[in-house]
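Working notes for the structure below.
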Amino acid sequence: MIDTERLTLRPWQTDDLDPLADLCADPEVMRHLDGVRSRASVADWMATQNDIQAERGHCFWAMERRDDRRLLGFCGLRLGGAKGELEIGWRLRRSVWGRGYAREAAEASLAWGWANTRCDRIEGWTVRANTASWGLMIRLGMVRRPDLDFDHPDFPEGHPLHRIITHAVERHAHG
């Protein structure tokens with residue numbers, strides 16, 4: 001577990017399913033992702049994250065507010081897909097957007113990554129239209145890296161989610 005001033009990042013628990021399924025059923029939250037998700041697909045995703053946690057020691061962790069233990073979403077690190085790079089990612093319920101929770105969790109996740117992995121770079125991926133996400137990447141000190149952009153294999157050319165833009169931060173920037 002990682003504790004910050006207001007948050008705990010932790011592995012997934014069974015009782016996280018309903019609040020996460022609600023979050024992933026919100027069309028506005030999922031607008032720049034792969035669309036709303038069914039409860040069953042969210043359950044599968046949570047199980048996968050716990051498997052990744054068991055194997056690698058990190059995943060996209062559950063993000064819980066410390067004062068009331070409410071699940072706000074997730075944030076963490078995972079080895080990303082076909083690229084095999086360490087990726088930082090987050091997703092939050094709409095009711096808490098704009099309150100600094102994503103930044104707080106992302107800063108803690110990055111610090112954890114530098115302290116606990118040997119990776120030379122951590123990347124953040126999104127689509128150009130997701131200005132909130134790449135704006136946070138910039139505020140985290142990540143640098144836009146067009147040379148690391150890629151085409152998402154699950155979406156055909158011309159689809160809004162086909163071209164993924166990359167921001168990255170290098171280990172040498174953190175000592």
Quiz item: Of all accessible surface on region 1-141 at a 1.4 Å probe, what whole percent is carbon and sulfur?
Solution: 47
Self-check item: Mean accessible surface per residue for region 49-90, computed with a 1.4 Å probe while every protein chain stays in place, in Å²
Solution: 43
Quiz prompt | Amide H within-cut-off set for residue 26, under 5 Å, with H built and near neighbours excluded | solution = none
Quiz item: For the chain, what D do you get in µm² per second when you plug the Kirkwood radius from alpha-carbon pairs into Stokes-Einstein at 10 °C and 1.306 mPa s?
Solution: 97
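The values are calculated or read from the model by the stated rules, or taken from the named source; none is laboratory data. This structure is a prediction, so every number in the text was calculated from the model and none was measured. The accessibility values were calculated without ligands, DNA or RNA, using every heavy atom of the protein model including side chains. Shrake-Rupley method; radii C 1.70, N 1.55, O 1.52, S 1.80 Å.
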